[in-house]
Amino acid sequence: MAYRYFSAERLPADEALYPVSVTLGGDEAHHLIHVMRVREGEPLILFDGSGAEFDTEITHVKKKELTAEIHARRVEDRESSVCVTIAAALPKGDRQRWLVEKLVELGAAEFLPLEAERSVAKAGDAAASRMNRVVVEASKQCGRNTLMQLAEPKSTKTLFSSDFTQAEENAETLKLIAHPNGKGLMELLEAPENQGRRVLAAIGPEGGFSDTEVENALNSGWVPVSLGKRILRTETAAVMVCAAAAAGQD
Ligand code: SAM
């Protein structure tokens with residue numbers, strides 16, 4: 001089976017120009033050259049996040065970059081039919097990596113790091129670049145040709161404000177806040193009035209949302225959703241909502 005790697009540069013889409021040579025550098029080239037030890041003449045599948053994947057053949061291998069010739073381009077849509085954004089407080093350490101990896105596999109369109117009153121992990125530049133790497137790795141593995149977007153972090157103050165919820169781009173979205181006192185997840189997702197709606201789900205930190213945060217969300221039109229009788233960790237709750245809303249509609 002051909003290796004599947006990511007090109008951060010958009011690849012030529014005009015098939016009239018094929019075969020066309022492209023150069024791959026950076027971490028992806030390093031891995032292919034020094035870990036996989038690829039050779040000239042080997043097949044390589046590239047994707048560039050545009051929704052397409054490209055059949056190529058490796059033509060030159062150097063120390064830090066390689067050249068491949070594109071022969072064919074295919075649009076392979078492996079996206080969910082429901083556009084799901086998960087806004088969750090960042091868990092710490094390995095659980096952050098696990099969360100992002102699973103959201104990519106399950107087809108979330110976007111992940112938004114949520115800065116809640118009781119958040120512990122920081123959603124700074126270091127976390128963003130770690131998460132970006134996980135998005136690429138998970139997309140390579142699961143065959144997604146469109147990258148899950150990493151949104152700029154937002155505070156609960158912003159997310160649960162009426163300015164945000166009433167903005168044109170968010171007004172029609174089903175906005176769910178995971179809270180034990182809510183309605184059942186499947187009941188909400190399967191309700192006829194919610195079919196085809198974009199879903200935005202907010203998941204709290206390990207210490208939970210504060211009463212003020214919950215009150216602000218409810219006043220701005222967020223719908224409380226229960227995820228069952230047991231208290232789930234932040235990342236489990238996020239993955240559960242994503243699995244039901246995005247992967248459940250594939
Ligand atoms: N001690 C915290 C509390 O009582 O709120 C527990 C927080 S839980 C570890 C982290 C987040 O996951 C919660 O803020 C909530 O958004 C979500 N969550 C976990 N279990 C849930 C459940 N059974 N129903 C709804 N949301 C849940």
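The values are calculated or read from the model by the stated rules, or taken from the named source; none is laboratory data. Not measured: the values here are computed from a predicted model. Cβ placement follows ideal geometry from the backbone for every residue including glycine, while neighbour counts extend to all protein chains displayed. What goes into the accessible areas is simple: the full protein's heavy atoms, side chains included, and nothing from ligands, DNA or RNA. Shrake-Rupley method; radii C 1.70, N 1.55, O 1.52, S 1.80 Å.
Some observations on this one:
- Mean residue ellipticity (222 nm) of the chain, computed from DSSP H runs ≥ 4 via -39,500 (n - 2.57), nearest 500: -8500 deg cm²/dmol
- With R₀ fixed at 35 Å, the C-beta to C-beta distance from D163 to E206 puts the FRET efficiency at about 0.80.
- Treating each Cα of segment 1-93 as one equal point scatterer and applying the Debye formula with no solvent, the log10 of I(q)/I(0) at q = 0.10, 0.20, 0.22 Å⁻¹ comes out as -0.33, -0.91, -1.04.
- Cβ-placed point charges (K, R +1; D, E -1), dipole of the chain about Cα centre in debye, nearest 20: 880 debye
- Note: the chain, Cα convex hull, 137 Å³ per residue.
- Extension gain, E65-A16: 0.36 nm per intervening residue step, less the Cα-Cα distance, totals 15.1 nm.
- For the chain: accessible area per residue (Å², 1.4 Å): 52 Å²
- Its Cα gyration tensor gives segment 43-177 an equivalent ellipsoid. The semi-axes, each the square root of 5 times an eigenvalue, are 33, 19, 12 Å from largest down.
- Applying 0.36 nm per residue to the separation of E9 and R37 and subtracting their alpha-carbon distance, the gain on full extension is 7.9 nm.
- Here the contact order of the chain, divided by its residue count and restricted to Cα pairs under 8 Å and six or more residues apart, works out to 21 percent.
- Top positive-direction residue, dipole computed over the chain with Cβ charges, set L150, P91, F111: P91
- Rounded to 10°, Cα long-axis angle of helix 94-106 versus longest principal axis of the chain: 80 degrees
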